[in-house]
Structures are given as C-alpha cells and as structure tokens.
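The values are calculated or read from the model by the stated rules, or taken from the named source; none is laboratory data. Just so it is clear, the structure is predicted and the values come from calculations on it, not from any experiment. With ideal geometry, Cβ positions are generated from the backbone for all residues, glycine too; neighbour counts draw on all protein chains shown.
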Amino acid sequence: MKSTLLWSGIASLAQLIWLVLAGPLALGLMRKVRSVIEGRDGARVTQPLRDLRKLAARQRTRPTDATWIFSAAPLVLVASALVLGALSPLASLHVLMSSRVDVVAVLFVLLLGSVALLLSALDTGTAFAGMGSSRAAMVGAMTEPALLVAILAMSLGAGTSNLARLVDAGVATSTLAGPARILALVSFFIAVLAETGRLPVDNPATHLELTMIHEAMILEYAGPDLALITWGESMRLVLLVGLFSNLALPWGIATSVGALSLGVGLLALTLKVAVVAIGVSLFEVTTAKLRLFRVPELLAGAFLLGVLSVISAVALR
Amino acid sequence: MIYALLATPLVTGLVSALVPWRRWVPLLGVASLLGVLAVALVLAHDALHSPARALHGSLAVDPLSALMLLVIGAVGLLAAIGGVRYLDLQLARAQCSTRQASLYAALVQGFIAAMLLTVLARNIAIMWVAVEATTIVTTFLVGHRRTRGAIEASWKYIIICSVGIALAFLGTILLYVASSHTGGPASLDWATLVREAPQMNHAVVRLAFSLIVLGYGTKVGLAPLHSWLPDAHSQAPAPVSALMSGVLLAVAFYAIVRCRSIAVSALGSDFVRTTLLISGLATLVVAVSMLLAQRDYKRMLAYSSMEHMGLLCLGAAAGTPLAFAAVLLHMIGHGLAKGVLFLGAGEILELEGTSEIAQVRGLLARRPALGGLFALGLAALLGLPPFSVFASELGLVRSLSAAGLTWVAGLALAALALVMVGMSAPAATMLLGPGTGRATSPRLVRAPLGAALGVLALVGVVAWPLSLLIHAGATVAAQ
Amino acid sequence: MKVSYVTPLDLAVVVVIVTAALTLWRQSLVASLRALSLQGVGLGVVAMVLGAHRRDPVLVFVGVLVLLIKGAAIPRLISRVVARDHPGREGSPLINIPASLVGAGLLTLLAFGATRGLVALIATPAARLIPFGVATTLIGFFAMVVRRRAVSQIVGLLTIDNGIALTAFLATSGVPLVVELGVSLDVLLAVAVLRVLAGHLHRQFNIQDLDQLRDLHD
C-alpha cells in the first residue's frame, strides 16, 4: 500500500517534469513542422525554451490602471496546468488521487486558466485586450458545451466519469472504432483546437488586430509574465493533446506501478503527443482561419457531433 | 385485358413522343382514352362477377379499382379532347414548339398510365411508385406554358409532393415491417396485409397510418401540405388542371382508402376515424376560408377541389359501406364536374384573357353556350339536383350522422352552405349582366362538356348503370 | 451483440447521419453535394453489409445499385446545377447555422424517442440504428425548410429519401427488388426533372434564391 502511494508520487512527479519540458518543445515542434512544409528551415525545436529564458530575464512591466488580477493571472494559468499535469493520467493510470480525479473537474481546472487570462485582459482596460477577451469569451462559451457533451458521451460509453477509469476502459475494449467514440473524439478534437487557440479558430502567429483573439488578450504582458503565460499556454496545449490521445489511443499508458511501465508510458505519451502535434500543424498548414462569425458554426458542429455521439452511446449500448 | 389497359396509353405515349409532330397526334390521344374507357367498362362489368388478374395477381381489378378506372377513363377522355384544343391554340400562337406539343401529348398518356397502374397494383409499394410517377410526369405538364408562374408552380409542386409522398413511403415500409412481425410472411400485398393486420403491432401501424394520411394527403390536397394545389391547378393548362383535380386527387385518395382498410383491420376504427376526421376538417376549414377570399376563378376552383377532398375524407372517417358508396359517387361527380369547369375556365381564360373574377362580365349574354355550360357545371359542383353531387352529398351527410358523427355532419353542411354562397356570388358576377359582342367556341369544346354534364345528370337521377358497381366498391373499401 | 458485422454497419450508419448534418453545416453548395455523395456511399455500404450478413445476394446487389445511383449518378446530375449557381453558397438561411445545428441535435433526440417502440419490436442489432435513419429524414426536412437555394432543396429532398431508405434497410431486409428498382427509378427521374426546372428558373428568369418565387400567392 505504502509503495503504491510512493510510486504514484513518483509517477506524478515524472509527469510534472515531462510536462514542464514538453510544453515548449511541442510548440517548437509544431513551428518546425510548419516551416519545413512551407519550405523554410525554421527555428530549432528548442527555440521556445530559449525564448522563455530570454523573456524571464527582462524587466516586468505593468499598465498603470491594472490591479492585482493582472499580476495573478499568469500564476493561476501556470498553476492550473501544473496541478493537472501531476494529477491526470498522462503517462500512468496510477498517479496521485487518480481515483478521485473526475473528468469534469479536470476540464474546469483547465478553464480556470482561461478565465484568469480573460479577466486580466479586461483588467488592463485597453481596447485591444477588451476586444480579445470578448472574442475569447464567445469562443469559450461555445467550446465548453461541445467539450462537455463529448466527455459525457465517452463517460456514458464507459459507465464512469473518472478520468483514469475512462482511459482504462479504452485500454480494455477491443472495439476502438465504435461510432459513439469516433464522433466524441472528433468533437473533442475540434473543441481542443478552439480551446488552445489553434487554426482554424485562432491563428497563434498573428498580430493582425482584426483577427487575433488570444494574442490580443496578452498584448500588455512583457518579460517574466509573458514567459509564464506562453509557458502555461503551451502546457495546456500538451495536456489537452495528451488527454485526447489517451482517450483516442490509450495504448502504452502505464497500467501498473513500477519504473519500467512508467518509462514506457512516458515514451508512449511523448510519441503520441508528437504525432498529434505534427498532425495539428499539418492540418493548420492546409486550413485557413475561419472568419470570426463563422467560428460558432464550427463549434456548433462539434456540439452536434457530441450530441450524436451521446445518442449513439445510449442507442447502441 | 389488364395488359391492354396499361399498354394503350403507354404505346400511344411512346408514339406521340417518337414520331415527328402531326396534327393527328392529339387525336390519337383521344382515341387512346376512348380505348381506355372501353376496356375499363368491360373490366368493370367483369369485376362484379370475377375480378380480372394479371402478372400472378400483382395487378387486379376489384369493384373499387374498376370504379376508379372508369373515373380515370371518363375524365381522361374529357381532358384529351380539351388537349386537342389547347395544343391547337398554343401552336397557332407559336407559344410552344411542335417538340413541346409532342412532349405534352406523350406526358398526358404517361400520366394516365401511371394513374391506371396506381389503381391496378395490389402491392402497396408499387402503388406508391406509381403515385410518385404521376408527380414526376405531371411536373412538366404543370409547367408546360413556361411562364414564370408556371415554372414556379411546377417547382413547388414537385418539391412539396415529393416530400409528402416520401412520408407515405416511410408509412408503407412501416406496414411492411409490421407485417413481417405477425408470424406470417412479410408482404406488401394489400389483401395479405388486411388479413395479417389483426396480429400487427399497434404502435407501428398507428405511426404508419398517420404517415400515410399525411403523405398521400399531400397529393390529395389535404391540409397541412396542400399549398402546392392552388398554384399548380391555376398555372397548369386547362386539360391538365382538369385531370389533376378530377382524377389525380381521387387516385391519391384511393391510396389512402386502401391503407385505411389495413389500419382499421389492425387497430379498430377509433384511431383511423380520428386521424381522418382531423385532416378532413382541417382541410375543409382551410379550403372554405381561402375560397371565400378568392379573386381568381381558377384558384377558386382549386380550393373547391380541396373542399371536396375534405368531404371525401370525412366520408372515409365514417367508414360505413353507405358512407363509402356516397364517397365513390362523389368522386365520380366531382371528377366530371371539375373536368367540365376547368375546361370551361380554360376556354374563358382563352377568350377573355384574364383569370380575375372581377374582369369577366356578362358571360351568359355574350357567350351563351360556354356561359351556360359553365353555369351548369357550377350547379353540378355545388350539389344542385338533378346532378349526382346532390345525391352524394346528401348520402355523405346522412352516413356521417348514422355513424354517430352528427356534429361533423353539421359542420360539413355549414361548409357546404358557405361554399354555396362563396361561389355563387362570384359566379353571378361572371355570368350575369349585360354584354355585347357575341363569340362562340368551337363545337369541339362544347360537345364533350355537354355530354359530361348529361352523364352527371343521368347518374344523379337514375344511378342505374353504376349503382351495382358503387355498392360493390363500397363494400370493398369499407372492409 | 459483438457480431462481426455490427461495427462496419454502425460506421456506415454514422457516415449517413454525419453527412446529413454536414449538409446543414456547410454553406458551400459543392461541399453539401460532396456530403450527399458520401451519404449515398454510406447507404450503399449499409445495404451491402446487411446483405452479406444475411447471405442475401439480392440485398448486396441493391447495395451496389444504391451506391452507384445515390453515390455517383445523382450527385453528377446535380453538379450541373451547382456549377451554374453563383456564388455557389447558401446566402442567408432562414435560421443561422449554429441554431440549425442545435436543431438537428434536437431532431435526432426526437427521432430516438419516437422510434423506441419500433426498435423494441424488431430487436436486431441493425434495428438499434433505426433512430438514425429517422433522424436523417428529419434533418433533411429541416434543411428543406431553412435553406433557400434550389440546390439545397434538392439535397434536402434526397437526404429525406436516403433517411427513409436507411430506415427501410435497417428495419426489414429491404423491400422486394421490384419495389426498390421502381423507387430508384422514381428518384432518378425526379432529380432529372428538378434539374431541368432549376435550369429554367435560372436561365429564363434568373432565379436562384427560392425566396424570389413569390409570384403565386393568395
């Protein structure tokens, strides 16, 4: 019993360290893939890590009208990501508190970071940031129902909303290709793209005021705060992608305690996240950003797929 | 005999489509319809004793279908003669090419063939296929004048009717499903379905019947999917309007009657009666209220068709043999009267150049023959004696109260009274009053209309040639 | 329940319903036509899988027929109309797209509720999927009501038809071949007629948006 607890602690710690590094590296990988496809050499995969170090050394600035919310937001963002990194089943099913971690709770902790950013942007009182946060609020309001419905469908299929058991159920079943599951995953994937501000919902590389959503919100941040935000965002991306790939293809995740299985789990996780990240960038290269007023259409579609998936989960049981 | 019946219009249609345009092509159509009517008479005579069958019994003539064959033949003949005049005028004014004239002649024959197949088919799915075929064939006929209104009407017609008829197909499939769970073999054969019905699952049959009433109801012109009807009837060439209003609606109604037997045998009469009452009454309300507000006489006639279909629906709701005898007699009466009126209206439109009621004055003074025929046709339609509609409406009301639906009978009478007022006032405007400048229509127009009215009066006074058939048909329908 | 044919059947049915949703989702007419074509393929596969499972060569044949007609022939017929249509997209549907997608979700729920009795009666693995057939039909209706382009209406009509065909395949072992042939012929002819009519509307009167059809009214 003791040793189980110990190993859970180790697994959580390992995931945490993995996440801290994997976030910026995934960002670097996606940029690299994009530039290679576009025929450029592009920066090294480790470039985001260097950027972070560079930013961290700079001076902190703060708008004159901003309050403590502005300073707290980056910390909340990073903290929420780190908590989830330790507690959700990424590389191993046996992490700390794994029997208590509910998938809905995970989503809400994740959203805590988004809400913090949204508030901080309003807090600055500048026009761009306000516009960005209103857009982000709209996208978020449409994303969450889709995410929740997709999760509901998967929970119905597995008969549990505990995240570890949900992933475990995926390991156990042989029919990965059930319609309910496929629909839920597609819906989940679209929601992940929207939630992490990727194309076709938001362009992470743009600073064009007419179109940007996420970048508009963090326009006032500089130095260490900006570093925290970039880092936190990248970890959120990896977290969501990791969760998605574990739900879609749970193979390789450590189902027992022990160093070997944990190592395999981490390796498998790295591979899966890399594959999905490359997939996302390939998708991004071939897609244009949707005009803002068409974003709800995409997300409503994701929602519909989620509903269809719930219905099939019930109907086809 | 049955093969001959189907082959006559099909071959005629092919010939009309393939040979280059000649003046005799429309006359060939008339000859074909004469043939159809003759064969139908023979089949009707036989049907009283031994029903004719063909294709291993998948086509058959019982008294009910024999009666429908007669209606198709009679109104078809009327419309074919009207078609000669229509094509003459169109070609003379270069409003259609000879190619289009050939197409018209061919499609009318195809239309007749599809309707014949509908009433001959024992398989309710084949019946469905045939009803859908009538939609496809008539679409071009509705749009034959190629005006903006005509094309719009034919678009609405095919879209709404295809949707409606798709519902009926779903209903048909559900009946098939229900029959496959009775223990017996899954079947689409009407007689087998009626036999197996008592073992069918009630919920499924209920759903199926509702869909069928809604679906075929679209073609009959029952509310709520009726909106194509006034457009199509007012935009189509007069002979086509006559065919659609006089026969097509009745043929679609026949499909409901057939499915009703299955539903009654499965569910008892309560659900079926309620369903038919609802759609019948809704249709009456819509038709009467729209009819009273009409300023266009062709649209007025179209709404009057809806009103009569609503009455038929109420008769079917009563469901007794007496009610069905009245329904069948009414079908014949309405078919012929509407045929006369639409052809007459087409002629009026032709001569006066407008379909507005207010623009037509003093018809009786200026064109006594045409005006007189139109007036007599209206009298027949409104149910004045001696025409048969009087007898059938009386029978309908009586059978409704006999079936314990006295309140419905009251409503029907009220509707009839309103229609009487609503149609005779505009008719008076059109027919009466002074007028100058006499003109006559060719005898080709007048003679068949007069003959049809004669038949109507004959049937109304002495039901003799038809009474046996009507009673036998009503017994089949009321099963 | 874990019969080998169930998974491919499930997938094919999901293709049909998702493509039905796609016709509501996408504004581009080309995209909805492509969805329709895929839907025809899915429908054909349903029939073939069922036919293979029931060792019914006729049903397999019907599946091939459906695949060819609804997956290839009909979309080809309509593509002409699409090519004529400018700017080739549904301008302003009666109900905006997010709302109509939510509506589609509700319709699916409705279909699910309405067919419970039927599913319980038949009780085969294929029958579980009947709600999706009915839902496809309802979505087709919905599309016809909210969409204003001639092409969209045709696509909606065919979606209704596909939904009914799907229901028929799932609920019975398919209707007799003669009926199936008759139905296919009817559908093909109806589409041909609609194509000609759409051509008239466009060429003679320059009408593409059906809201312009307002000449006839009371």
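A compact table of results
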{"quantity": "Residue in the stretch B:404-411 that is surrounded by fewer than 17 Cβ atoms within 10 Å (Cβ to Cβ), of a type in the set (Ser, Thr, Tyr) and closer than 24 Å to residue B:291 by Cα present", "calculated": "no"}
{"quantity": "Index of the failed condition, residue B:175 passing every other in (1) touching a residue at least 12 places away in the same chain (Cβ under 8 Å); (2) in contact with a Ser or Thr (Cβ under 7 Å, 6 or more places away or on another chain)", "calculated": "(2)"}
{"quantity": "Residue among C:62, C:18, C:46, C:66 that alone is within 14 Å of chain A (Cβ to nearest Cβ) and more than 24 Å from residue A:145 (Cα to Cα)", "calculated": "C:46"}
{"quantity": "Residues (more than 9 Å from chain C (Cβ to nearest Cβ), outside any helix (DSSP H, G or I) and under 19 Å from residue B:243 (Cβ atoms)) located in the stretch B:118-145", "calculated": "B:144, B:145"}
{"quantity": "Test: residue C:137 is closer than 20 Å to residue C:46 by Cβ, within 8 Å of chain B (Cβ to nearest Cβ), surrounded by 19 or more Cβ atoms within 10 Å (Cβ to Cβ) and without any contact (Cβ under 8 Å) to a residue 60 or more places away in the chain", "calculated": "yes"}
{"quantity": "The one condition in (1) in contact with a helix residue (DSSP H, G or I) (Cβ under 7 Å, 6 or more places away or on another chain); (2) surrounded by fewer than 19 Cβ atoms within 10 Å (Cβ to Cβ) that residue A:254 fails to fulfil", "calculated": "(2)"}
{"quantity": "Condition met for residue C:104 (under 23 Å from residue B:179 (Cα atoms) and either aromatic (Phe, Trp, Tyr) or within 12 Å of chain A (Cβ to nearest Cβ) (or both))", "calculated": "no"}
{"quantity": "Which listed residue is over 22 Å from residue B:342 (Cβ atoms), modelled with pLDDT of 95 or more and out of contact with any strand residue (DSSP E or B) (no Cβ under 9 Å at 6 or more places or on another chain), from B:255, B:203, B:186, B:178", "calculated": "B:255"}
{"quantity": "Residue in the stretch B:196-206 that is within 7 Å of another protein chain (Cβ to nearest Cβ) and closer than 30 Å to residue B:92 by Cβ present", "calculated": "no"}
{"quantity": "Whichever residue in the stretch B:5-24 is in contact with a Gly (Cβ under 8 Å, 6 or more places away or on another chain) and among the small types (Gly, Ala, Ser) and, among such residues, is surrounded by the most Cβ atoms within 10 Å (Cβ to Cβ)", "calculated": "B:16"}
{"quantity": "Residue B:258 being farther than 21 Å from residue B:392 by Cα and among the basic types (Lys, Arg)", "calculated": "no"}
{"quantity": "Odd one out for residue C:39 among (1) within 13 Å of another protein chain (Cβ to nearest Cβ); (2) under 25 Å from residue B:211 (Cα atoms); (3) part of a helix (DSSP H, G or I); (4) out of contact with any Phe, Trp or Tyr (no Cβ under 7 Å at 6 or more places or on another chain)", "calculated": "(1)"}
{"quantity": "Residue in the stretch B:207-219 that is nearest to the other protein chains (Cβ to nearest Cβ), counting only those that are among the β-branched types (Val, Ile, Thr) and closer than 13 Å to residue B:258 by Cβ", "calculated": "B:212"}
{"quantity": "Tally, over the stretch C:200-215, of residues that are at the interface with another protein chain (Cβ under 10 Å from one of its Cβ atoms) and either touching a Ser or Thr at 6+ places or on another chain (Cβ under 6 Å) or at pLDDT 75 or above (or both)", "calculated": "8"}
{"quantity": "Scan of the stretch C:76-90 for residues that are surrounded by fewer than 18 Cβ atoms within 10 Å (Cβ to Cβ) and either within 14 Å of chain A (Cβ to nearest Cβ) or β-branched (Val, Ile, Thr) (or both), ordered by number", "calculated": "C:89"}
{"quantity": "Test for residue B:97: is it surrounded by fewer than 21 Cβ atoms within 10 Å (Cβ to Cβ) and either among the hydroxyl-bearing types (Ser, Thr, Tyr) or within 14 Å of another protein chain (Cβ to nearest Cβ) (or both)", "calculated": "yes"}
{"quantity": "Whichever residue in the stretch B:158-193 is among the β-branched types (Val, Ile, Thr) and either more than 10 Å from chain C (Cβ to nearest Cβ) or part of a loop (DSSP other than H, G, I, E, B) (or both) and, among such residues, is farthest from residue C:127 (Cα to Cα)", "calculated": "B:192"}
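Residue-wise test of (1) aromatic (Phe, Trp, Tyr); (2) in contact with a Ser or Thr (Cβ under 9 Å, 6 or more places away or on another chain); (3) part of a loop (DSSP other than H, G, I, E, B).
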position: B:8; (1), (2), (3): no, yes, no
position: B:25; (1), (2), (3): no, yes, no
position: B:43; (1), (2), (3): no, yes, no
position: B:50; (1), (2), (3): no, no, yes
position: B:53; (1), (2), (3): no, no, no
position: B:71; (1), (2), (3): no, no, no
position: B:78; (1), (2), (3): no, no, no
position: B:99; (1), (2), (3): no, no, no
position: B:104; (1), (2), (3): yes, yes, no
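Listed here are the residues, each with its yes/no results for (1) among the aliphatic types (A, V, I, L, M); (2) farther than 29 Å from residue B:277 by Cβ; (3) part of a helix (DSSP H, G or I); (4) in contact with a strand residue (DSSP E or B) (Cβ under 7 Å, 6 or more places away or on another chain).
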| position | (1), (2), (3), (4) |
| --- | --- |
| B:380 | yes, no, yes, no |
| B:390 | no, no, yes, no |
| B:399 | no, no, yes, no |
| B:412 | yes, no, yes, no |
| B:416 | yes, no, yes, no |
| B:422 | no, no, yes, no |
| B:429 | no, yes, yes, no |
| B:440 | no, yes, no, no |
| B:444 | yes, yes, yes, no |
